[in-house]
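Taken together, the values in this text are just the output of simple stated rules run on the coordinates, not laboratory data. Values in this document were obtained by computation on a predicted structure and should not be read as measured data. So basically every Cβ, Gly included, is an ideal-geometry build from the backbone, and we count neighbours across all protein chains shown.
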Amino acid sequence: MQVGRFVHDRLLPIGTILLVIVLAWYVAAYAMNAPFQRDTDRRAGVTPTSSEFLVKTMSQPKPTMPAPHQVVENLWKNTLTVKPWSKRSLVYHAWITLSATLSGFAMGTALGVLIAIGIVHIPALDRSFLPWIIASQTIPILAIAPMIIVLLSAIGITGLLPKALISTYLSFFPVAVGMVKGLRSPDVLHLDLMRTYSANKVQTLWKLRIPASVPFFFTSMKVAIAASLIGAIVGELPTGAVAGIGSKLLAGSYYSQTIDIFAALIAGSIVAILLVTLVDLAGRFVNARMGARQP
Amino acid sequence: MSAIRPNWQALAALVATLYALTALPFTATMGPALSLAVAALLAAGAILSMLRAARPIETTILAIASFGAAAMLLAGLTGAFGTANAGYFASLAAAWLLGWRLVTVLSGDGSHGDKGSSLVAIAVPALFGIWVLILWECIVRGAGVPFVLLPPPSAIGLRIAGSLPILAADFRQTVLKAVLFGYVVGSLAGFLVAILADRFRFLANGLLPIGNMVSALPMIGIAPIMVIWFGFDWQSKAAVVVVMTFFPMLVNTLAGLAASGDMERDLMRTYGAGHWQVLVKLRLQAAMPFIFNALKINSTLALIGAIVAEFFGTPIVGMGFRISTEVGRMNLDMVWAEIALAAIVGSLFYGGLALLERAVTFWHPSYRR
Amino acid sequence: MNPVISAQNLDLTFTTNDGPVHALSDITLDIDKGEFVSLIGPSGCGKTTLLRVIADLEQPTGGSISVNGMTPEQARIHRAYGYVFQQAALFPWRTIADNIALPLEVMGIAAAERATRVRDNMALVDLMGFENKFPWQLSGGMQQRASIARALSVQPDMLLMDEPFGALDEIVRDHLNSQLLKLWAKTQKTVVFVTHSIPEAVYLSTRIVVMSPRPGRIHSIIDCNLGADRPLDIRETPEFLAIAHQVREGLREGHSYEG
Amino acid sequence: MNPVISAQNLDLTFTTNDGPVHALSDITLDIDKGEFVSLIGPSGCGKTTLLRVIADLEQPTGGSISVNGMTPEQARIHRAYGYVFQQAALFPWRTIADNIALPLEVMGIAAAERATRVRDNMALVDLMGFENKFPWQLSGGMQQRASIARALSVQPDMLLMDEPFGALDEIVRDHLNSQLLKLWAKTQKTVVFVTHSIPEAVYLSTRIVVMSPRPGRIHSIIDCNLGADRPLDIRETPEFLAIAHQVREGLREGHSYEG
Amino acid sequence: ADKVTLQLKWVAQAQFAGYFVAKDKGFYEEAGLDVEIKPGGPDIAPEQVIAGGGADVIVDWMGGALAAREKGVGLVNIAQPYKKAGMELVCPADGPIKTEADFKGHTLGVWFYGNEYPFFAWMNKLGLSTEGGADGVTVLKQSFDVQPLIQKQADCISVMTYNEYWQLIDAGYKPEDLIVFNYSEMGNDLLEDGLYAMEDKLKDPAFAETMVKFVKASMKGWEYAIANPDEAAGIVMDNGGQDENHQKRMMGEVAKLIGEPDAKLIPEAYERTAKALLDQKIITKQPEGAWTSEITDKM
Ligand SMILES: Nc1ncnc2c1ncn2[C@@H]1O[C@H](COP(=O)(O)OP(=O)(O)OP(=O)(O)O)[C@@H](O)[C@H]1O
Ligand SMILES: Nc1ncnc2c1ncn2[C@@H]1O[C@H](COP(=O)(O)OP(=O)(O)OP(=O)(O)O)[C@@H](O)[C@H]1O
Ligand SMILES: Cc1ncc(C[n+]2csc(CCO)c2C)c(N)n1
Ligand SMILES: [Mg+2]
Ligand SMILES: [Mg+2]
């Protein structure tokens, strides 16, 4: 029964969509790699048959669009055929990125919730702070990430923390915005009820506002964890591409190693899926505990 | 009731001022007299503001003391780059604390009768911003932070004033072309896919995990690819924005569509309403707060995405292009001018959305207190 | 006559986090066209649940039911009935008039006709002047009346009403009772009506179904042949009082404690 | 005796998107300690609003009011009253027992004492066995009873109750009416009670305030000296019926249309 | 041992082989130095890093260094291992551009981030507008790869002789398929990879002494790397380089730019670079004291 549902609700749909994507991908790979292949062949003075040509478009060393099997092969090589802690392993790089992501996400979520609580309760904050938080988010992170890294390393902070801070910077915002909305979402009637108990702000927050904001919280966290991952990867660039998914992307892009780029992207995405799924499961669990009606 | 109404900001300001007195003069060009005058003004402001006076009087005292001291401290920096001492920063902290007190007094205590005028609504965030700038200016110039690490706001302001045509051209390229297009298409796509996924569970089950994946694709990785696919002009930046804005909209819309009440849904069932009628008349309405949430988050993401995408291949115009090249030329003032432009555009965009949200979701409890 | 609603051995058990709740047990009931049937019974005995099963808002876990000779789902899709919920369930983003127009919009009724029906039904429940107010600007009873107007505006052949007059004062209630009776007599609607007021049940119904709780069963079905024409003062006649007494006894027997 | 609640020339006007709504006009009323005062009046006449003003949930736009000699706000902060809303207003994420424990948690009452009070009050409203259910798993009447249990668990000196028994059947209602009366007689609570049932008002009250609508005014105040000991069958005595008649007349006069 | 932090201008590759070799072969250690090498990348401005105190000495191009000097970062060139510039513009031979005269109306890929000065100096000389249009050239800010040429988004792109040029060869272009405009050969070159330190720190004799040791050991590293290119490439790989074959080739090309290893700056090359920067208003005043032979003289 459980297994059947899993197959029906997960495996089948995801499999189908993946199949469609892979097919479209192959078509795109052919279409995008063909012009360059034609140029190369022309320069080399060869005229391959169409099936030879097809094969060639799928096996360029630095294709415009790598074919799926090339990426899978690369992934395979860089995860399963090397030791997971070696610098060549994507698992190693994914782990580096994941640790920065998680610490940044934890700090960002905490910060976002704190800011939202402050905004909901302190009018001075509501009025003076929110516009500037919004402005802060329009600062292109890639532009200031190097400055942050330089400034922090100037005061001796290096390693995980600077990256985590960039993650924090990107992830606190969705949480703060969502939570402001969520903390203000309780029914007027319920707020009145708490008033009749002359509940103080902490009690109203804890017993009413926070439970009422749970749907907003998990939705925001899903966006935030994705943002955290982006932050961690961006934070890896100005450290000289030493380790992490970001460094793999960067190194790939210096040498037009599109296959490497795609493999790193997919590794990053797998990390992303795991993270978002985790948040989603946590959300479902909490929801069930809070007596939500099962559909 | 006593005549004194103590508050922690004024008290802390007083302590800081006392400490500053031990370190006169404050900078290389600031004589002991001027330094003493600053301290005196701050101390007077802190003490007088604690008297039980009417609010207009209290705010006037606070404004004069904090901004007067700030002005003198700023003036004391001319020709004194990097020479400020601990006393200088203590006075600066005191002035800022009084400024904070001013903001607190102006915002009121948020009680029911105290809605505040629209003037206050503008003044409070403005004061906050002005203080950020003052602190920035004084710290950077007082402590002698190298220009290539962080230029003072005055230099940035001058640069903005002197580069309006360039800023306008960059704005056109990045915001009017890439951001707007990408934002509209990305948000719309996220919305439509959410509607479809909501209609066809199969699609939701298959697409959501993959949507999660695409969303978290770090833009740094897709930006070069998009340049390869869509050329180096704004289209590739718009594509990055589309990808970035898609997912927040998808997730939020789906959450919003699930947010309508059971009884309301039952009601629509009794009308034999079809899926689309329930959607339009009930579930989309109930989803609006969530959808606006996404629109707001996307408004900032879109701007960041377009700017960052311009770090890769681009024509030689655009906010991201300018930022990345001017960093290389050590023109940090220009970099910050562009950042300021981005912040202003982003804030206006966001503010507009907030107004629209209020109009559309007026019924939401969050607007009814 | 063919029954409009025909339930055989209905059974319904809710599964909850801490064990099943047996809400309906072995309910067998036929309701003919043009009948006015009241469901009465202690709080929590399953009246709402039974109404929801008829309306296809809940699936029975046993037994069978047909509505207009169709499954409840088909009947619902054919818009066979109008439903008044125990709570008003107005949409907060619609004004009162727009709330009442909602089902008409769903059914694709033209704007002009819609406007007429909204006006007529608002007048019926005495809500003129509140067209442009939003639900939270109305008192509880006014919200309840708006929801009644909304159901009546559909002009369905069958009305399912769940304590529609619960939040109304006696005068308004009397007024709406006689209006409902008039409407029923004129249009030959079938009405299934949940109430906890014995006089109301007796005054309105052709038959009264008394239910008993845990699990919700039919305790007795009481005929109520007071004729089609029922002035308000019929409530003081001995026949009326006799039936009311009978209902009260049935109710009391099914109850878990004595008043 | 000093009045517990003393209102002078209260006035309240709501501002809405389409013009002001005059909800209360010139309300002057003193309620002494230990009184049981019912508010009765047509739907939308301002009963809830008046109760909310007493509870400091609404600010009057004119006149003055004191509660326990304090402003309503101070009284609220001193937790002078328990309030039963017209809607149940249960928190959907709490089980029934936890919902009833909510005010006790807020007031910092120890867990053991909390458990006892929750148990006692759940028994009082006949909800045993539903401790671990969530609100949507309860019938409308059961939710209402849970909300009554919640207010009673506070054991306040003053009870403000807004149609607490509106969604209950006659038997339960009778039962709770007599329980409430017993509680009142024993604890000398002051009760302000909104209802739309005339017999209920007469049965429970020491005074009945009849209101008339738009703007909400006090039409008349009717004394109701039936003594402290009121068996249920007092409702058939001539005194009782006489007072009921008087209330009905007052109600009718204040009404905009005749039943 | 004295600690020295070196900030590179780019990621670990044979372009910086001398330093990696000096470290791995223990030349620094022999000189009593403990050297940390920080790789760079497109997001790292070495000038910023050194101004923030994150490095003692940096590898930089002279254009960027002089611009930073004018902004208050007292950078001084203490050594100039690279004598020639490695930058060039290449166009496919089957494309529209064969000579300088063909540029009009076409799109050219240029690296920015401080690397654009030679290009603009050159266009200045040719009298071509860089604002696009039929009479000028359209400039594309090029990514750090050769895709714009492969994708035909640009008619010519910037490459380094030791790096991107070979990526084109790898992509199937033969040398005769490419038309090359080499900045050094055209006499438009600006000085590339030099070593820069902060002026105020250099006033400290102890620091100057450390720098002498550092430059000396570094040049020993370069000598060794040029003599043993394959081993050098291996060392670069051990330090995070990518693609060993590529690094070997790069080592060979880099050797050509360095020539006979010698850290001395040639004053004429400096004057030419400064003048080109002044002409384009990248800097506004003639720089003073932007280089010193003090360190190299003591070697
Ligand atoms: N928040 C509000 N905004 C605007 N008008 C309101 C608001 N609350 C109540 N009103 C109006 O005030 C009047 C009195 O409402 P109130 O809820 O006090 O009536 P009530 O006597 O309790 O009626 P019922 O018996 O139906 O509950 C009504 O006309 C209602 O429309
Ligand atoms: N969704 C649900 N999940 C679990 N139990 C439910 C659910 N809905 C109702 N119940 C249970 O079913 C029983 C019958 O509920 P129902 O709402 O039909 O009662 P009712 O007769 O309408 O009562 P009232 O007069 O109080 O409205 C109750 O015991 C209730 O707890
Ligand atoms: C920030 C920065 N961007 C571009 C270059 C130009 N460049 C010189 S070497 C090299 C790597 C490939 O050889 C590149 C791209 C640079 N030096 N620094
Ligand atoms: Mg019910
Ligand atoms: Mg009311």
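Between amide H atoms placed 1.01 Å from N, distances below 5 Å from C:GLY82 occur with C:MET158, C:LEU159, C:LEU160, all of them 5 or more places distant or on a separate chain.
Using a 10 Å cut-off on Cβ atoms, rank the peptides B:190-198, E:74-82, E:29-37 from the highest mean neighbour count down.
Packing proxy ranking, top to bottom: E:74-82, B:190-198, E:29-37.
Applying 1/(1 + (r/R0)^6) with R0 = 35 Å to the Cβ-Cβ distance of C:ALA112 and B:ARG265 gives a FRET efficiency near 0.75. Modelled spin-label separation between A:THR40 and E:ALA1, with each label point placed 7 Å from Cα along the Cα-to-Cβ direction: 4.5 nm.
Neighbouring Cβ atoms from other chains, within 10 Å of the Cβ of residues in C:103-111, number 3 on average.
Assuming R0 = 51 Å, what is the FRET efficiency of E:GLU70 and E:ASN245, from their Cβ-Cβ distance, to the nearest 0.05?
0.80
Couplings for region E:8-21, taken from phi via the Karplus curve 6.51 cos²θ - 1.76 cosθ + 1.60 with θ = phi - 60°, read 7, 8, 8, 5, 4, 7, 4, 3, 10, 3, x, 6, 5, 5 Hz in order; Gly and Pro are left as x.
At what distance in angstrom do the alpha carbon centres of region A:182-236 and region A:156-172 lie from each other? Rounded to whole Å, the Cα centres lie 24 Å apart. Among all helices in chain B defined by DSSP H, which have a length of 24 Å or more along the axis from Cα atoms plus a Kyte-Doolittle mean of at least 1.0? Answer set is B:32-49, B:55-75, B:86-107, B:118-143, B:180-199, B:234-257, B:284-309, B:332-360.
Extension gain, B:ALA161-B:TRP8: 0.36 nm per intervening residue step, less the Cα-Cα distance, totals 51.1 nm.
Just tell me how shielded C:85-95 is by partners: mean number of partner chain Cβ atoms within 10 Å of each residue's Cβ, no decimals.
Details: counts 6, 6, 8, 3, 8, 2, 10, 9, 10, 3, 2.
Across the residues of C:85-95, the mean count of other-chain Cβ atoms within 10 Å is 6.
Once you reduce region E:206-221 and region C:209-259 to the center of their Cα atoms, the two points are 107 Å from each other. Over the residues of chain B, the helix contribution to mean residue ellipticity at 222 nm works out to -24500 deg cm²/dmol, using -39500 (n - 2.57) for each DSSP H run of at least 4. Summary of packing: across the peptides E:252-259, B:147-154, E:140-147, C:150-157, the per-residue average of other C-beta atoms within 10 Å ranks them, highest first, as E:140-147, C:150-157, B:147-154, E:252-259.
Model label points for A:LEU114 and D:ASP233, set 7 angstrom from Cα along the Cα-to-Cβ axis, are 7.1 nm apart.
Using just the helices of chain C, give the 222 nm mean residue ellipticity in deg cm²/dmol: DSSP H runs with n ≥ 4 each add -39,500 (n - 2.57), and the total is spread over all residues, rounded to 500.
So the helix-based figure for chain C works out to -11500 deg cm²/dmol.
When C:ASN2 is represented by a point 7 angstrom out along its Cα-to-C-beta vector, the spacings to that point in the other copies are 7.5 nm, nearest first. Unpaired Cys in the protein assembly as shown, meaning no second Cys C-beta under 4.7 Å: B:CYS138, C:CYS45, C:CYS224, D:CYS45, D:CYS224.
Per residue of peptide D:16-22, the mean number of Cβ atoms on other chains within 10 Å of the residue Cβ is 4. If each Cα of region C:86-155 is one equal point scatterer, what is log10 of I(q)/I(0) from the Debye formula at q = 0.11, 0.24, 0.28 Å⁻¹? After summing over all Cα pairs, the log10 values are -0.20, -1.01, -1.37. Label positions at D:THR61 and E:GLU294, each projected 7 Å from the Cα along the C-beta direction, are separated by 8.2 nm. Counting beta carbons within 10 Å around each of E:CYS156, C:CYS224 and listing the fewest first gives the order C:CYS224, E:CYS156. A simple packing score, the average count of other Cβ atoms within 10 Å per residue, orders the peptides E:232-239, B:127-134, A:58-65 as E:232-239, A:58-65, B:127-134, with the highest score first.
Shown for C:THR16: label points 7 Å from Cα along the beta-carbon vector, and their distances to the equivalent points in the other copies, 3.6 nm in ascending order. Between copies, the label points at C:MET70 (set 7 angstrom from Cα along Cα-to-Cβ) are spaced 6.1 nm, reported in nanometres from shortest to longest. Give the cross-link partners of E:LYS125 among the lysines, using a straight C-alpha distance below 26 Å as the criterion and excluding same-chain residues fewer than 8 apart. Candidates past the 8-residue exclusion: E:LYS83, E:LYS84, E:LYS98, E:LYS104, E:LYS141, E:LYS275, E:LYS281, E:LYS285. In chain E, helical runs assigned H by DSSP with n ≥ 4 each contribute -39500 (n - 2.57); averaged across all residues and rounded to the nearest 500, the mean residue ellipticity at 222 nm is -11000 deg cm²/dmol.
FRET efficiency for the pair A:LEU281 and D:TRP136, taken as 1/(1 + (r/R0)^6) with r the Cβ-Cβ distance and R0 = 25 Å, rounds to 0.60. With 23 Å as the limit, the listed pairs A:LYS62/E:LYS25; E:LYS3/E:LYS38; A:LYS77/E:LYS23 have A:LYS62/E:LYS25; A:LYS77/E:LYS23 beyond it between alpha carbons.
The rotation axis taking chain C to chain D passes closest to the C-beta of one chain C residue; that residue and the distance in whole Å read C:GLY166, 3. Taking other C-beta atoms within 10 Å as the exposure proxy, E:ASP43, A:ASP280, E:ASP204, C:ASP30 rank E:ASP204, C:ASP30, A:ASP280, E:ASP43 from fewest upward.
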